[in-house]
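Taken together, the values in this text are just the output of simple stated rules run on the coordinates, not laboratory data. Keep in mind it's a predicted model, so treat the numbers as computed, not measured. Virtual Cβ from ideal backbone geometry, glycine too; neighbours counted across all protein chains shown.
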Amino acid sequence: MPSFDVVSEVDKQELKNAVDQCNKEVSTRFDFKGSDARVEQADYVLTVFADDDFKLDQVKDVLNNKLVKRNIDIRTVEVKDVQKVSGGKVKQEITIKTGVETELAKKVIRLLKDSKLKVQGAIQGDTVRVTGAKRDVLQEAIALLRKEVTELPLQFNNFRD
């Protein structure tokens, strides 16, 4: 049976490169001279540090620009609340979402069933496996999902005949 997987992934190396570029730009900009503005990365969790809210927003803008240039979709970014740190400084956690969450996976399967295409969807961890009788039907399913699902960037891999 032909099949493919619906996933949502972010390239970890590209994320690291974007963080490094952001830190380099922040360290060389004149408006950040003498401040402790930086971005730290721990797996898919980024922590933005700055002296005040204004500089925090500036660092986040630089980070967003670097993420876009590195082909990391902004829809994967989940921003948490700003936290006060000692000395009047602030920090904010940013989580990069990977994997198809259960609610979105159920929505994908519901879309496939409602479309009357002859495909079946199955949730397998943080991916959705879609199987069908013919390759053409699977390609129609991919086109449908690209058009309908907008809250998270989806990739379609592991296409098998």
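Applying 0.36 nm per residue to the separation of K91 and D73 and subtracting their alpha-carbon distance, the gain on full extension is 4.2 nm.
Computed over the chain with a Gaussian network model linking Cα atoms closer than 10 Å, the most mobile of K89, K116, K66 is K116. Considering the chain as a Gaussian network with a 10 Å cut-off on Cα pairs, which listed residue, D81, D53, D61, attains the greatest mean-square fluctuation? In the Gaussian network model the winner is D81. In whole angstrom, the chain maps to an equivalent ellipsoid with semi-axes of 40, 15, 11, each derived as √(5λ) from the alpha carbon gyration tensor and ordered largest first.
Counting every other Cβ atom within 10 Å of each residue's Cβ, K80, K107 order from fewest to most as K80, K107. When the charge dipole of the range 12-116 is built from unit charges on Cβ atoms (+1 for Lys and Arg, -1 for Asp and Glu) and taken about the Cα centre, the candidate among C22, V45, T102 whose Cα reaches farthest toward its positive end is T102.
Note on the chain: helix-only mean residue ellipticity at 222 nm, from DSSP H runs of 4+ residues weighted -39500 (n - 2.57) and normalised by residue number, equals -12500 deg cm²/dmol. Given R0 = 30 Å, the distance between the Cβ atoms of K16 and K80 translates into a calculated FRET efficiency of 0.90. Note on the range 1-52: Rg/Rh from C-alpha atoms, Kirkwood Rh, equals 1.25. Return the whole-Å distance between the Cα centroid of the range 46-76 and the Cα centroid of the range 83-161. Cα centroid to Cα centroid, the span is 24 Å. Our coupling estimate for the range 106-111, obtained by passing each phi through the Karplus curve with A = 6.51, B = -1.76, C = 1.60 and θ = phi - 60°, is 5, 5, 4, 5, 4, 4 Hz, Gly and Pro reported as x. Considering only V48, V108, V68, the mean-square fluctuation computed in a Gaussian network model of the chain, springs between alpha carbons under 10 angstrom, is largest for V68. Sequence-ordered 3J(HN,Hα) estimates for the range 53-62 from the Karplus curve with 6.51, -1.76 and 1.60 and θ = phi - 60° stand at 4, 4, 5, 4, 5, 5, 5, 5, 4, 4 Hz, glycine and proline given as x.
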